[in-house]
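The next block holds one structure in the form of structure tokens; read it before the comments.
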Amino acid sequence: MVSCLTLLNDSHILARCTDGFNQTLCGMAIAVQDTLPALIAHDPAGASCLRCQDMMRHEAAAQAVQPRPLSARALVQRLVDHLNNNDTTRLEELLAGSLLKSLSAQRMSRLHQLFPGWCATVDELIADEGSAVLRYQVSFADAFSLLGCLGPAVKTGQAIVLRLANHRITDACPIVDDFAFWSGRASTADTGCAHCIPHTNVTEGSINDRHYY
């Protein structure tokens, strides 16, 4: 147990001053008019109170393990990077809700199987806290002539609206999606998207497959 005399002989770290009291990190509350200059350390690192020092280290450690949330623009750019690299690791740090469930490793891998070298370049990104509009172009190879391209190709004018909540992307509403990657996420047999027609699947499946992802 620390005596009151010891506390008064130590120098402390000021946490806050409210209602006429100086409150220290170690838990003392001293009336402002009774606070001697030597009681409050001018340099927190030089405070002699061990409890104050322990609390300062604890607060610093707590702040270090809580990374600053990404901005809406940074979230969208990070998602584009993951798509370009076919990387599904730590997507829970970017996505939530139905979008997190639907962007599986299988779906992203399928995109790169069908369109080798798939790489999106951001043309325009308008974002706020609740939504983002992304316009982008994609360079790729059309491995199975799904888009009627021969050799390396580029698709411009791709566009999507992304919904955001609590620093996560929660939904995607495609405007132009030539690769049917976004529009086919929640597809059923009756949903029409760019690639929802019978087509022989060279890699896996059969001619009866209606969706490629």
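In this structure, CYS173 and SER109 have a Cβ-Cβ separation that, at R0 = 30 Å, corresponds to a calculated FRET efficiency of about 0.80.
Computed over the Cα atoms of segment 127-175, what is the convex hull's projected area averaged over all directions, in nm²?
Details: hull surface 16.4 nm².
Orientation-averaged projected area of the Cα hull: 4.1 nm².
Positive contributions from Lys and Arg (+1) and negative ones from Asp and Glu (-1), summed over other residues with Cβ under 12 Å from the Cβ of TRP118, come out at 0.
One Cα centroid belongs to segment 133-182, the other to segment 53-112; the line between them spans 20 Å. Between ILE40 and HIS12, the built amide H atoms are under 5 Å apart, and every one of these is 5 or more places off in sequence or on another chain.
Taking a probe of 1.4 Å, how large is the accessible area per residue of segment 118-165, in Å²?
Details: 2310 Å² over 48 residues.
Per-residue value: 48 Å².
Working from the Cα coordinates of segment 66-116, the gyration tensor eigenvalues give, after taking √(5λ), semi-axes of 21, 12, 8 Å in decreasing order. For ASP87 and GLN23, a Förster radius of 35 Å and the Cβ-Cβ distance give a FRET efficiency of 0.15, rounded to the nearest 0.05. Around the amide H of ALA165, modelled in the peptide plane, lie the amide H atoms of THR170, all under 5 Å away and 5 or more residues distant in sequence or on another chain.
Charge tally around CYS26: other residues with Cβ under 9 Å, Lys/Arg +1 each, Asp/Glu -1 each, net -1.
Under 1.5 on a/c is rounded, so check that first for segment 1-115, then, if it is not, pick prolate when a/b is larger than b/c and oblate when it is not; a ≥ b ≥ c are the square roots of the alpha carbon gyration tensor eigenvalues. Prolate. Shape class for segment 81-190, computed from the alpha carbon gyration tensor (a ≥ b ≥ c): prolate, with a/c not under 1.5 and a/b above b/c. Legend: calculated FRET efficiency, SER71 to ARG135, from the Cβ-Cβ distance at R0 = 25 Å, rounded to 0.05, equals 0.85.
The values are calculated or read from the model by the stated rules, or taken from the named source; none is laboratory data. All values derive from a computational prediction rather than experimental measurement. Note: ideal-geometry Cβ built from the backbone for every residue, glycine included; neighbour counts use all protein chains shown. Ligands, DNA and RNA are excluded from the accessible area calculation, which covers all protein heavy atoms including side chains. Shrake-Rupley method; radii C 1.70, N 1.55, O 1.52, S 1.80 Å.
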